[in-house]
Amino acid sequence: MAPWGYEKDNGPAHWHKDCPIANGKNQSPIDLINGEVKYDSGLKPLTAKYVPFSDAKFLNNGHSVQFQPSAGNGSELTGGPLAVKYNFEQFHFHWGNNDTEGSEHRVDGKMYPAELHFVHWNSTNPSFKDAVGSGGPNGLAVLGFFLKVGAENAALKPITDLIPKVKDAGTSVTVPSNFDMQAILPATLTDYYTYDGSLTTPPLAECVKWIVFKQPLEVSAAQMEAFRSVINRDGKPMGGNYRPPCPLHDRAVKTSFK
Ligand SMILES: NS(=O)(=O)c1cccc(F)c1
Ligand SMILES: [Zn+2]
């Protein structure tokens, strides 16, 4: 099979051939149906501490654009549904070719134009790779933020301004060291959905504690257009790099809000 992608001949419907877990019972993304979620008063606030990065790359890996600091940067996530500290690994995006599609998770069937994933790994593992392979839903913690079109996102501007430099698959650029990742996050990380799921791209490992925030972030139309100018490994616009929702099976989606 050609390397996996999102086209007719290598998209989500094909992934099960290389990754049979694609048809597993803990797959992501899902449709977050408000009538079926359950408030959990035991969910604590989340704390994300992102320290400045000395050498971080922004890259086009052929299926997304991704911010990746060098390993062991010291940024970490604790609290919420998490029992231990998680180390920050990378963030990346999924988006559509128009404003009616693009997010991976949905809310009552609604898709947002894009979704931003902050990926963290359980610090009781020696590395990110070990955390992915650690088995069970506590290997990674991924924060999901919906993006909607509105005001320019000043915190993401240093990243969206770099997109023209990583237009083609396999390209990367160094991110200025004064980039403040903390500024992307809302002041308080409240009001989220959380459930046990998987990576949304191959290898689709069922190792993720998903934490999806109810409140979307805003980006400008120009910032959305920047994403839509990115080219994938087949030389086509990368937009549409989202997996459709997977069956919930017998999983519960908890909320930190009533
Ligand atoms: N899209 S995602 O589930 O956040 C994801 C896919 C693959 C690797 C990874 F670290 C995160
Ligand atoms: Zn993702």
What about Asp108, is it in contact with a strand residue (DSSP E or B) (Cβ under 7 Å, 6 or more places away or on another chain), away from ligand 1 (no atom under 16 Å from the Cβ) and of a type in the set (Asp, Glu)? no
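Checking the conditions here, which among Val173, Val230, Val219, Val166 is closer than 29 Å to Gly11 by Cα, within 16 Å of ligand 2 (Cβ to nearest atom) and of a type in the set (Val, Ile, Thr)?
The conditions single out Val230.
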Top-ranked residue of segment 1-54 - restricted to ones that are acidic (Asp, Glu) and exposed (fewer than 13 other Cβ atoms within 10 Å of the Cβ), ranked as farthest from Gly235 (Cα to Cα): Glu36
Tell me whether segment 141-150 contains one or more residues that are within 16 Å of ligand 2 (Cβ to nearest atom), crowded, with 23+ Cβ neighbours inside 10 Å, at pLDDT 95 or above and more than 18 Å from Pro186 (Cα to Cα). no
Could you please find all residues in segment 122-148 being part of a strand (DSSP E or B) and of a type in the set (S, T, N, Q)? Asn122
What is the number of the single condition among (1) closer than 23 Å to Leu59 by Cβ; (2) in a loop (DSSP other than H, G, I, E, B); (3) without any contact (Cβ under 8 Å) to a residue 60 or more places away in the chain that Gly102 does not meet? (3)
Give me a count of the residues in segment 105-115 that are surrounded by fewer than 23 Cβ atoms within 10 Å (Cβ to Cβ) and either within 14 Å of ligand 2 (Cβ to nearest atom) or of a type in the set (Val, Ile, Thr) (or both). 1
Considering every residue within segment 19-29, establish whether at least one is part of a loop (DSSP other than H, G, I, E, B), polar (S, T, N, Q) and more than 24 Å from Leu248 (Cα to Cα). no
Count of residues meeting criterion [at pLDDT 95 or above, in contact with a Gly (Cβ under 9 Å, 6 or more places away or on another chain), surrounded by fewer than 21 Cβ atoms within 10 Å (Cβ to Cβ) and not in a loop (DSSP other than H, G, I, E, B)] in segment 179-212: 1
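The values are calculated or read from the model by the stated rules, or taken from the named source; none is laboratory data. Just so you know, these numbers come straight off a predicted model, no measurement behind them. Quick reminder, even Gly has a Cβ in these numbers, built from the backbone with ideal geometry, and neighbours come from all protein chains shown.
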